[in-house]
Amino acid sequence: MSLEWIGVVFMLLGAGLLWSAPERLLSLQIVACVFAGSAAFSLPALGGATVAPGFAVLLLLALCVLKFGHLHSMFEAMAPRQPGFPLLLLVVWGFVSAAVLPRLFGGEVDVVSMNRASVVLGAVPVETLAPGSGNITQSVYAAGELVVFAVALVFLRLEGGLERAGRAMLWLAGLNLIAAVVDLGGYYSGLGNLLEPLQTANFAFMPEAAFGNVKRINGTFPEASAFAGFTLPLMAFCYVLWRERCWPRLSGPLALGSLLALLLATSSAGYGGLGVYAALVLVISFCEGWRPGGHTHLWHYLGLGLAAALVIGAILALLPAVREQAWDIIENTLLYKSSSSSAIERGEWNQISWQAFLDTWGLGAGMGSARASSLPMVLVSNVGLPGSLLFLAFLARVLLAKLPAGIDATQRALVIAARHGVLAALIIASLVASVFDLGVMFYLLCAIACCPALLYVPRRTPQARPVMASDGVFA
């Protein structure tokens, strides 16, 4: 294992916070998520795998939990009746599946390779199932994300913890936009890839990708689809905060900036995810309006949609050059995307993954054994039906818990915003995710989304359970 320069920076920052303001360590981890394309550590023994700063900072958070005696609180988040319990079972099953299933079904099932050494010039081959480095790395990532979720809940339960996390998410959105501006600025000024010093992870970066004269925004990420998958949840988070009038002077501009960055990224996954997310929130709002005592934002959404349509229509009508470029982007990213070589290849990945699920009797090929191009296909091909059901149980506990009546307006807005962020991340992952690892930010959003379930846990007294608010879980 070797420590990279950005790992040194974050370790020093984390050590300083551990000494002076340990309650702010979670904010550092949240901000570190924007450096997902950077390497804090390199692991040559695992095929050159790299550890992102978000995971590196986790070591300091865990040390802080041990130092201040909060280990019990961390395990409490994974207790049988708590949101983390299905995730704990999923990780255990993931380790068992990674160790057993590639050997049980080895030589009998075809999978899309997860072996880094097998990838040649960007081509991912189909191989016969066998144990590989992917079983180790994906299992370790899954265990690390379980710890991220549990440790985050410890910090969120501290006084002011939820508010600190919310402000850190806004910082994260702001840094993501700054990276997008720097990316565009370097390209159009002729200075090249100004973010190259940060792009040190073992990924194939495509900083010069463009549609005609339009630069595809990568930011700190390897490609535009990864940037879009990171930006859409942040846009949803910031937008809901603005809608709920929570820190509107920051959340509103950040939501608008994230939306513009998402549109300029020219990612088909980003466009598809944005469309599905918009349609889904309309359906949710409509359903909330019909529920007794429910509150709907339907007219708010329709008003924003009409305003956006008028602005876009005026721009396209007044600027023919923009209209032609926009139509070219729509053709390449949406209309003809299904006939592109990458879409055909990814469709084949999903077919092979589904066949692997059938050939393993629904057990899957083992965590980290198979690559796909959709989160559902990743789940069924890797951890099978047992793991898929556990993941759905985890999501249900995160997204569907009612809000306690004692929660204040700011905390309520942060929780609802986080649930929208989780929903947006799942939509993008369902379109393009190739591995089980959904990233540190996803599990941080999950922790914020279900934090009140632990903030208002009744003590072991004969008192009744706390009264729950009547508002919907996404209202």
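Quick check on R412: is it modelled with pLDDT under 95, surrounded by fewer than 22 Cβ atoms within 10 Å (Cβ to Cβ), over 30 Å from I352 (Cα atoms) and touching a Leu at 6+ places or on another chain (Cβ under 8 Å)? In short, yes.
If you scan the stretch 195-219, which residues turn out to be of a type in the set (G, A, S) and in a loop (DSSP other than H, G, I, E, B)?
Quick first cut of the stretch 195-219, residues of a type in the set (G, A, S) only: 201, 204, 209-210, 212, 219.
Scanning the stretch 195-219 gives A201, A204, A209, G212, G219.
Which of the numbered conditions does L389 fail, given that it passes all the others? Conditions: (1) touching a residue at least 40 places away in the same chain (Cβ under 8 Å); (2) part of a helix (DSSP H, G or I); (3) out of contact with any helix residue (DSSP H, G or I) (no Cβ under 8 Å at 6 or more places or on another chain). For L389, the exception is condition (1). Residue count for the stretch 1-28 under the criterion of being among the aromatic types (F, W, Y), over 17 Å from L66 (Cα atoms) and surrounded by fewer than 17 Cβ atoms within 10 Å (Cβ to Cβ): the result is 1.
Among residues of the stretch 167-222 being crowded, with 19+ Cβ neighbours inside 10 Å and charged (D, E, K, R), the one that is nearest to L254 (Cα to Cα) is D183.
May I ask you to list the residues in the stretch 200-230 that are farther than 30 Å from N115 by Cβ and under 19 Å from the mean Cα position of the chain (by Cα)? So that I can check it myself, show each step before the final result.
Going through the stretch 200-230, the residues farther than 30 Å from N115 by Cβ turn out to be 210-215, 217.
Result: I217, single match.
W93 - would you say it is assigned to a helix (DSSP H, G or I), touching a Pro at 6+ places or on another chain (Cβ under 9 Å) and of a type in the set (F, W, Y)?
Working: assigned to a helix (DSSP H, G or I): yes; touching a Pro at 6+ places or on another chain (Cβ under 9 Å): yes; of a type in the set (F, W, Y): yes.
So W93 fits the description; yes.
In this structure, L101 does satisfy being buried (at least 23 other Cβ atoms within 10 Å of the Cβ), at pLDDT 85 or above and farther than 20 Å from S373 by Cα.
Residue-level check: of (1) surrounded by fewer than 19 Cβ atoms within 10 Å (Cβ to Cβ); (2) at pLDDT below 90; (3) assigned to a helix (DSSP H, G or I), T137 misses just (1).
Hey, among L25, L13, L17, L63, which residue is within 30 Å of A204 (Cβ to Cβ), part of a helix (DSSP H, G or I) and at pLDDT below 95?
Working: L25 fails: within 30 Å of A204 (Cβ to Cβ); L17 fails: within 30 Å of A204 (Cβ to Cβ); L63 fails: within 30 Å of A204 (Cβ to Cβ).
After ruling out the rest, the residue left standing is L13.
Residue check: is S369 assigned to a helix (DSSP H, G or I), within 28 Å of A56 (Cα to Cα) and among the polar types (S, T, N, Q)? It is false that S369 is assigned to a helix (DSSP H, G or I), within 28 Å of A56 (Cα to Cα) and among the polar types (S, T, N, Q).
Scanning the stretch 141-195 for residues that are touching a Ser or Thr at 6+ places or on another chain (Cβ under 9 Å) and of a type in the set (S, T, N, Q) yields a single hit, N176.
Among the residues of the stretch 85-110 satisfying the criterion of being β-branched (V, I, T) and touching a residue at least 12 places away in the same chain (Cβ under 8 Å), which is nearest to V147 (Cα to Cα)?
Taking the stretch 85-110 first, the residues β-branched (V, I, T) are 91-92, 96, 100, 109.
Among the residues that remain, those that are also touching a residue at least 12 places away in the same chain (Cβ under 8 Å) are: 91, 100, 109.
On the way: V91: 11, V100: 23, V109: 32 Å.
Across the stretch 85-110, the extreme among qualifying residues is V91.
Entry remark, the stretch 145-165: residues being in a loop (DSSP other than H, G, I, E, B) and under 14 Å from F55 (Cβ atoms) number 0 in total. Scanning the stretch 358-374 for residues that are closer than 16 Å to L101 by Cβ and either hydroxyl-bearing (S, T, Y) or surrounded by fewer than 24 Cβ atoms within 10 Å (Cβ to Cβ) (or both) gives L358, D359, T360, W361, G362, L363, S369. Within the stretch 44-80, the set of residues being of a type outside the set (G, A, S), touching a strand residue (DSSP E or B) at 6+ places or on another chain (Cβ under 9 Å) and without any contact (Cβ under 8 Å) to a residue 60 or more places away in the chain comprises P44, V51.
Pull up the stretch 230-265, narrow it to residues that are aromatic (F, W, Y) and either part of a helix (DSSP H, G or I) or free of Cβ contacts under 8 Å to residues at least 24 places away in the same chain (or both), then point me to the one that is nearest to A425 (Cα to Cα). Ranking the qualifying residues of the stretch 230-265, first place goes to F230. Screening the candidates A401, A453 for the property of being small (G, A, S), modelled with pLDDT under 95, outside any loop (DSSP other than H, G, I, E, B) and surrounded by fewer than 24 Cβ atoms within 10 Å (Cβ to Cβ) yields one hit, A453. Whenever a residue of the stretch 431-448 is closer than 21 Å to G272 by Cα, its partners that are among the basic types (K, R) and not in a helix (DSSP H, G or I), lying with C-beta atoms within less than 9 angstrom and at least six residues away or across chains, give the pairs S434/R371; V435/R371. What about T296, is it touching a Ser or Thr at 6+ places or on another chain (Cβ under 8 Å) and at pLDDT 90 or above? When the stated conditions are applied, T296 does not pass them.
The values are calculated or read from the model by the stated rules, or taken from the named source; none is laboratory data. What you are looking at is a predicted structure, and each value in this text was computed from that prediction instead of being measured. In this analysis, Cβ positions are derived from the backbone assuming ideal geometry, glycine residues included, and neighbour counts consider all displayed protein chains.
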